[in-house]
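Engineer: My questions all concern the structure below.
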Amino acid sequence: MKQKISLAITMVLLGAALSAVAGTSSNTINTNEHEWTITQSDDGREFNMRIKGKPQFTDDYTDLKSISAGGSVTIEEKTTSVTRKLEIIPAADGKLQRSYWVNGAAHELDAEGQQWLSNIILDAVRQSAYDAERRVTRLFERGGAAAVLEEVTRIKGDYAKSVYLRQLLKDRQVDAPAARKVVQMASHDISSAYEKRQVLTAVAGKYLDDKETMAEFAAAIPTINSDYERGQAIAALVKDRKLNSDHLKIVAPAVAKISSDYEKANALVAILKAGGTDAIAQPAFFEAVNGIKAAYERARVLSAVLAEKPNNETVKLTITSAGDINSDYEKAQVLIAAAKIEDADIRKMVIEAARGIRGDYERGNVLSAATK
């Protein structure tokens, strides 16, 4: 069963890859046990590929090396200028027998035909990320990170790009320029929020101690078109890391650009834990806080700020921000926490802010705390 599932996934990926290669307007994949039929068509081109059994490819993925007993591969392509068909079956000794036709006439599988086949197989493997781990290893051994990154430029789909970039960083160390290039490619060449975040998370694990890479990473965060995935990228950035003021100058503005109140609040609390009072000192921090409209989420962040025992100027900024909370209860909770600081100016601000509380009960609680 495991083998069947693996084969099915392989061929579906190959089919999807060939669709990407062709720029098709229609794509059909039918599976039945060990048989797969892939059909694509676009303006002036029709492509059919039928595979029975389990194929194995050559090391450079430009040809078939073997097919399981009883299996076969049939590839047919029709364009406005030529029709090609290739059938491959295993002989009794395991060697492959190939029959090739051009425009309906039997034809030797000459250099041109072999190149046609090689292009189809190689690009299918490339675009599907099939066997990416082994391909990336070989590319890296041959030409380092540059060879892998060059290969990624030939890939059309976000999923396969993400797989190759993440595989490059897995189980090996690349230099800082290569890590920055990975971030740049994720930022500019991958549109899927999920796949982009996956790559950035892989970078965050090992490479953000380099200031320039950190800057590229922070610049990539706003290009993620999902608040949730942005939040996850920021969470990866701060995980097990203490942020200094230089880091925070880069990261805090990226947080401010998150539109979801919930995700923005989560990100602010996360960088607050990682950066402490240095995070609060960033102008972009309170810019982000004041952009939170949801009463609970803003109060959650402001309460976290006060828990850091900041200086009085920061407490005053917190009270000012709390004044715009549109929930009496949430506003009161922040003001009561601020009122615990025994400073005349701060308590005066708390009393003034309490005037904005409509409910007598919550207002009374704040005033009581501020006048103890």
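Engineer: Long-range amide H contacts for residue 282: which residues qualify at under 5 Å (H placed 1.01 Å from N, peptide plane, sequence gap of 5 or more or a different chain)?
Structural biologist: Excluding prolines and chain starts, which carry no amide H, there are no hits.
Engineer: Right, something else. What is the magnitude of the charge dipole of the chain about its Cα centre, with +1 placed on the Cβ of each Lys and Arg, -1 on the Cβ of each Asp and Glu, and no other charges, expressed in debye to the nearest 20?
Structural biologist: Values: 50 positive and 50 negative charges, 159 e Å.
Magnitude of the dipole: close to 760 debye.
Engineer: Could you run the Karplus curve 6.51 cos²θ - 1.76 cosθ + 1.60 with θ = phi - 60° over region 251-259 and give me ³J(HN,Hα) per residue in whole Hz, x for Gly and Pro?
Structural biologist: My calculation for region 251-259 gives 7, 4, x, 5, 5, 4, 7, 6, 8 Hz in order.
Engineer: Given the DSSP H assignment, sum -39500 (n - 2.57) over each helix run of at least 4 residues in the chain and divide by its residue total; what's the result at 222 nm in deg cm²/dmol, nearest 500? Let's see the in-between values first.
Structural biologist: Numbers: 17 runs with 217 residues, N = 372.
Rounded to the nearest 500, it is -18500 deg cm²/dmol.
Engineer: A further question on this structure: How much net charge surrounds residue 310 when only other residues with a Cβ under 11 Å from its Cβ are counted (Lys, Arg +1; Asp, Glu -1)?
Structural biologist: -1
Engineer: Hey, got the Cα dimensions of region 293-372 along the principal axes, in Å, largest first?
Structural biologist: 29, 27, 15
Engineer: Dipole of region 95-250 (Lys/Arg Cβ +1, Asp/Glu Cβ -1, origin at the Cα centre): which of 235, 200, 218 lies farthest to the positive side?
Structural biologist: 235
Engineer: Taking amide H atoms as placed 1.01 Å from N in the peptide plane, list the residues 5 or more away in sequence, or in a different chain, whose amide H sits under 5 Å from that of residue 42.
Structural biologist: Under 5 Å from the amide H of residue 42: 25.
Engineer: Hey, what do the phi angles of region 138-148 turn into as Karplus ³J(HN,Hα) couplings, whole Hz, using 6.51/-1.76/1.60 and θ = phi - 60°, x for Gly and Pro?
Structural biologist: 5, 4, 5, 5, 7, x, x, 4, 4, 5, 5
Engineer: When 126, 358, 180 are ordered from fewest to most other Cβ atoms inside 10 Å of their Cβ, what list results?
Structural biologist: Numbers: 126 23, 358 10, 180 20.
So the ranking, lowest neighbour count to highest, is 358, 180, 126.
Engineer: Could you name the aspartates and glutamates in cross-link range of residue 242, using Cα to Cα under 16 Å and dropping any fewer than eight places away on the same chain?
Structural biologist: Straight-line reach from residue 242, under 16 Å: 209, 210, 278, 308.
Since every read-out is calculated from the coordinates, none of them should be taken as a lab result. Predicted, not measured: the structure shown is a model, and the values here were computed from it. Every residue, glycine as well, gets a Cβ built from its backbone with ideal geometry; the counts of neighbours run over all protein chains shown.
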